[in-house]
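J.: The structure that follows is given in the form of structure tokens.
The values are calculated or read from the model by the stated rules, or taken from the named source; none is laboratory data. Predicted, not measured: the structure shown is a model, and the values here were computed from it. Cβ: placed from backbone, ideal geometry, glycine included. Neighbour counts: every protein chain shown.
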Amino acid sequence: MDLRKLARYQREFDRRHGWDWSNLRDHEKIEALNYLAVALAGEIGEFCNLVKKITRRFKSLGELPSEKELDSLYEELVDIFIYVLKASEELFKKDLGKEYLEKMKKNEERFKEFENKSYD
């Protein structure tokens, strides 16, 4: 599914739940930005906490993460994606897919010296 379809789905979900950001006034945009930043930081924190626990168990006991732990980790990653998508499409009114491609063009040039290098 492409990002624009996901963004539309998210927008419809938000509207059905009373979180319509389509016509925010300037001060409301600041409040929404604050909400998104805190929510995103919270989800990143949950993701990092799981990584910490997985790493600690691996270093202490040599145990690899279970399927359940990996599923939980991935679920947090999806939560992060939701807030990034909401910020991009609803608050900044930008096409995340298009912006990604533009950024990758810049990164191609920026990291050209590292191309085809082995780091083993």
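J.: Which condition from (1) part of a helix (DSSP H, G or I); (2) under 15 Å from Tyr83 (Cα atoms); (3) over 16 Å from the mean Cα position of the chain (by Cα) is the one that Trp19 breaks?
T.: (1)
J.: How do the pairs read when you match residues in region 96-107 that are closer than 16 Å to Lys5 by Cα with residues anywhere that are in a helix (DSSP H, G or I) and not aromatic (Phe, Trp, Tyr), using Cβ under 6 Å and keeping only pairs 6 or more apart or on different chains?
T.: Matching pairs, first to second residue: Leu96/Leu3; Leu96/Ser88; Gly97/Leu3.
J.: Would you point out which residue out of Leu40, Leu70, Leu36 is over 24 Å from Trp21 (Cβ atoms) and either in a helix (DSSP H, G or I) or at pLDDT 95 or above (or both)?
T.: Leu70
J.: Now for a different question. Could you please find all residues in region 82-106 being among the hydrophobic types (A, V, I, L, M, F, W, C) and loosely packed, with under 15 Cβ neighbours inside 10 Å?
T.: Val84, Phe92, Leu101, Met104
J.: Go through region 73-98 and report how many residues are assigned to a helix (DSSP H, G or I), at pLDDT below 95, under 15 Å from the mean Cα position of the chain (by Cα) and of a type in the set (D, E, K, R).
T.: 3
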